[in-house]
1. Ignoring everything but the protein chains, give the 1.4 Å probe accessible area of residue 41 in square angstrom, nearest 10.
2. Arrange the peptides 13-21, 177-185 so that the one whose residues have, on average, the most other Cβ atoms within 10 Å appears first.
3. Would you mind working out the accessible area per residue for the chain, using a 1.4 Å probe, and quoting it in Å²?
4. Loop only per DSSP, at most 11 neighbouring Cβ atoms within 10 Å: give me the chymotrypsin sites (Phe, Trp or Tyr not before Pro) in segment 219-309, ordered by residue number.
5. Beyond 14 Å, what share of the Cα-Cα pairs of segment 149-223 remains, rounded to the nearest whole percent?
6. Quick one: with all protein chains in place, what share of the accessible area of segment 170-304 is carbon or sulfur, to the nearest percent (1.4 Å probe)?
7. Hey, got the Cα dimensions of segment 287-366 along the principal axes, in Å, largest first?
8. How much net charge surrounds residue 155 when only other residues with a Cβ under 11 Å from its Cβ are counted (Lys, Arg +1; Asp, Glu -1)?
Amino acid sequence: MIATRAAVLTTVGEPLELMTIHVDDPEPNEVRVAVSHVGLCHSDLHYMTGTVPTDVPVVVGHEVAGIVESVGSAVTDLQPGDRVTGALTPSCGGCANCDAGYSTQCRRIDEVRRRPRPAFTMPDGRPIARLGDVGAFSQHILLRQNSLVKLPDDVPLQVGCLLSCCIVTGVGAVFRGARVRPGSTVAVIGCGGVGSAIIQGAKLAGASAIVAVDLDDDRLKAARGYGATDVVNGGGDVVGQVRELLGDGVDYAFEAVGSARTAATALAVVRPTGTACLVGIAPGGTELSVPASDFFFSEKKLIGSYMGSGQAREDIAQFARMYQQGRLMLDEMVTDVIDFDRINSGFERMTSGDVTRIVVQLQDSARTEAAQ
């Protein structure tokens, strides 16, 4: 067991508290990672504000990269000093869904996540929960070896962390979830971090038109840089403007906001036989009301995509290669890198339209630079 520094949510709706916690020793199949960088994600905000329930105290944060510090006795494919990012959907590898290639929907996830002792505890021994069994807002974390992907040396950790959530979720939804066809047309509703990744994925998939939809003109301007061919301000008649651009709608629409209203818009902007894909996490209790005729007469499809709908470790490795080749923009997505002490101000900045991703540096700069 080691002592480390973490940002802990002790009260829903209140700022994170920086404090010392204890991290358990690795189990045989676990790896202890010295966390270097974590991206701030709107999914974290859902738990911090209470729109999605969570136990407290809890360490949130999940978009993570760092350095392997120690490994359990059964770990064979990682060693201390390896640079890694998280593959945040651990799987058993043998259930029906895993066998079918849907590791994000592992049917034995509770069994896989079970460990004999809490990973995080207060100095007095009280357990601390971890969001998604990660808890990345801690300078040291424990992850299973099959929840980590080794990063190439020329992928900086401050952008490598984006691969673990933002990129695998957004680009994965394009290729694995909706399976966008070359030459097809796409609308992306919500152009924050995940939406920007979806736009890049649609461009990589060969979409002939990519319409970015957002309420913020700064985000729409940035969307053009990621590959959007057209932009629509979501404060107006989105369906009418998309149809004006592309006739009867788009082949695929991606919703990256997480609300019933934008989900209904996504379904409305797709043409007959088109596919609307919901990617954004909606607050707990959100229900959708959609016209039945869209399915019976127009043969539209409404699907969901969670964490990229695929094989996270394989996909992350492929996306890292795309970054190395200059085909995937990651550096441009990092608006700012801030020190750990400023994590709460980083979340405050996320409402600004000129922010795509804020990344928190958890270790001191000298150690991080040596790792790069």
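The values are calculated or read from the model by the stated rules, or taken from the named source; none is laboratory data. Just so it is clear, the model here is predicted, and its values are computed rather than measured. Glycine gets a Cβ as well: all are built from the backbone with ideal geometry, and neighbour counts include every protein chain shown. Heavy atoms of the whole protein, side chains included, go into the accessibility calculation; ligands, DNA and RNA do not. Shrake-Rupley method; radii C 1.70, N 1.55, O 1.52, S 1.80 Å.
1. 10
2. Going from most to least packed, we get 177-185, 13-21.
3. 41
4. Details: sites: 226, 252, 254, 295, 296, 297, 306; in loops: 297, 306.
Passing sites in segment 219-309 are 297.
5. For segment 149-223, the share of Cα pairs beyond 14 Å comes to 61 percent.
6. Working: 2930 of 5590 Å².
On segment 170-304, the fraction of accessible area on carbon and sulfur atoms equals 52 percent.
7. Taking max minus min along each principal axis of the Cα atoms, segment 287-366 gives 61, 33, 20 Å.
8. Numbers: positive: 83, 150, 321; negative: 153, 154, 331.
After counting each charged neighbour, the total is 0.
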